[in-house]
Each structure stands twice: as structure tokens, then as C-alpha cells.
Amino acid sequence: MGTTYGYIRVSSIDQNEERQRAALKGKGIPVENLFIDKQSGKDFNRPQYKRMVRKLKPGDLLYVLSIDRLGRNYEEIQNQWRALTKDIGADICVIDMPLLDTRSGKDLMGTFIADLVLQILSFVAESERTNIRRRQEQGIAAAKAKGVRFGRPPRPLPENFHQVCRDWQGKKLTLREAACACGLPPSTFYTKVSKLKRPP
């Protein structure tokens with residue numbers, strides 16, 4: 001009998017992993033073998049995932065709730081699946097998709113069906129990631145069209161900015177001296193002066 005592991009992924013620190021924890025409960029996973037990443041599934045460059053993979057050995061079993069918790073990149077999901085099951089020799093059980101349980105159906109037909117299901121599900125996972133990104137872009141574009149501003153609000157100009165600006169334009173100060181007088185980096189001072197010159 002190998003060692004049992006569990007992997008959980010949520011897209012951000014704000015998302016709750018309790019649903020995945022509940023699904024993995026009762027699977028005999030030691031606490032130290034439960035790995036959680038709180039970041040996007042666009043690739044497998046995740047610290048806890050990498051740490052888990054380094055521990056996996058032939059005959060070990062990895063539980064994951066669904067294929068999109070493993071990742072959302074079509075090609076990389078399949079590459080990782082092969083790396084875990086073929087190169088390392090571990091088993092994977094996707095809880096909400098019983099066909100994706102490498103412990104059963106190890107004959108040719110079982111392997112063919114599992115590979116087919118994996119391709120379909122990993123394609124769906126990446127399509128959903130693409131759709132999420134497109135919806136975000138459309139939402140941002142719509143908000144900008146309504147005048148919503150994103151990012152930090154601009155810092156107010158220093159009280160002496162206009163006087164210093166006139167002194168710099170009158171060549172009484174160098175760019176560096178003018179920027180220093182306003183407590184700004186030279187590039188920022190120059191950018192703010194340039195914006196003042198633009199017509200509204």
C-alpha cells in the first residue's frame with residue numbers, strides 16, 4: 001500500500017476551500033499529506049503542488065475533487081496526468097468523475113476511456129478559464145465606458161508644483177532640482193508637467 005495524498009486548489013485567498021476539504025474527508029489522507037494552493041489554475045507553477053509532486057512515489061494515491069482543481073490548461077493537465085501516472089507511477093482519483101480513477105480499468109479499454117474522458121474534461125476546464133477571462137475583459141471595458149476608473153487614485157500635486165514647474169520651464173531649475181523640490185522622481189515630475197500641457 002502506498003501513501004495517500006490530497007490536493008486542493010482555489011483561485012484566490014478569498015475563496016473557501018471547505019467544499020473540497022469535505023469531499024476529501026474520510027479518504028484516509030493524513031493531515032501532512034493535504035496540499036492547498038490559493039492561486040490560478042492557468043499553469044502548474046504552484047508551490048504546494050510542486051512540493052506534493054516531489055513526495056509522490058510509485059503506488060501512492062492522489063485524490064482531487066475535480067479535474068479543474070488540478071488545473072485549467074488543456075495541454076498541461078494532460079502532461080501532468082502522464083507525469084504523475086506514467087513517469088512517477090502514482091494513481092489519481094478524481095472524486096466527482098469515477099471514470100478518472102486510475103486504480104480501476106487498467107486494461108486497454110479502461111485506459112482508452114480514461115484518456116478520452118480526461119481530454120474532454122481538460123478541454124472543458126480550459127474553455128471555462130478562457131470564458132472567465134473574456135467575461136472579465138468585457139466587464140472591465142463596460143465599466144471603463146461608464147467612467148469607472150481602475151487602479152490607485154492619482155496622488156495630488158504638491159502645493160509648490162505649479163511654481164516649481166514655472167521655475168523649471170524658465171530654466172531657473174534643472175529637471176532633477178525641480179523634481180527634488182516637489183518630492184518626486186524626475187520621470188514622474190516630467191510626466192505630470194507633460195500632462196498639464198495637454199489640452200483637456
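All of the numbers you see were taken from the coordinates with simple rules; none came from a lab. Worth saying up front: this structure is predicted, and the values here are computed from it rather than measured. Using ideal geometry, Cβ is built from the backbone for each residue, glycine included, and neighbour counts are taken over all protein chains shown.
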**Prompt:** Arranged by the count of other C-beta atoms within 10 angstrom, fewest first, what order do 117, 53 take?
**Reply:** 117, 53
**Complete:** FRET efficiency for residue 117 and residue 140 from the Cβ-Cβ distance with R0 = 45 Å, rounded to 0.05, comes out at 0.80
**Asked** What number, in percent, do you get for the relative contact order of the chain if the mean sequence gap of Cα pairs under 8 Å and at least 6 apart is divided by its residue count?
**Response** 15
**Complete:** Rounded to the nearest 10, the angle in degrees between the Cα long axis of helix 186-197 and the longest principal axis of the Cα atoms of the chain comes to 70
**Item:** Cα-Cα over 21 Å, subset of 146/192; 38/146; 27/86; 57/86; 50/86; 27/57
**Value:** 146/192; 38/146; 27/86
**Asked** For region 4-130, what is the Kirkwood estimate of the hydrodynamic radius, computed as the reciprocal of the mean inverse distance between distinct Cα atoms, to one decimal in Å?
**Response** 14.6
**Asked** For 85, 102, what's the fewest-to-most ordering of other Cβ within 10 Å of each Cβ?
**Response** 85, 102
**All aspartates and glutamates inside 12 Å of residue 55 as judged from Cα atoms, apart from same-chain residues fewer than 8 positions distant** = 32
**Prompt:** Does anyone have the angle between helix 108-145 and the longest principal axis of the chain? Alpha-carbon axes, 0 to 90°, nearest 10?
**Reply:** 20
**Prompt:** In a shell of Cβ-Cβ distance under 14 Å around residue 139, excluding residue 139 itself, what net charge do Lys and Arg (+1) and Asp and Glu (-1) give?
**Reply:** +4
**Request:** Based on other C-beta atoms within 10 Å, arrange 1, 52, 97 from fewest to most.
**Result:** 1, 97, 52
**Asked** Using the alpha carbon gyration tensor of region 132-195, what are the three equivalent-ellipsoid semi-axes (square root of 5 times each eigenvalue), largest first, in whole Å?
**Response** 36, 11, 10
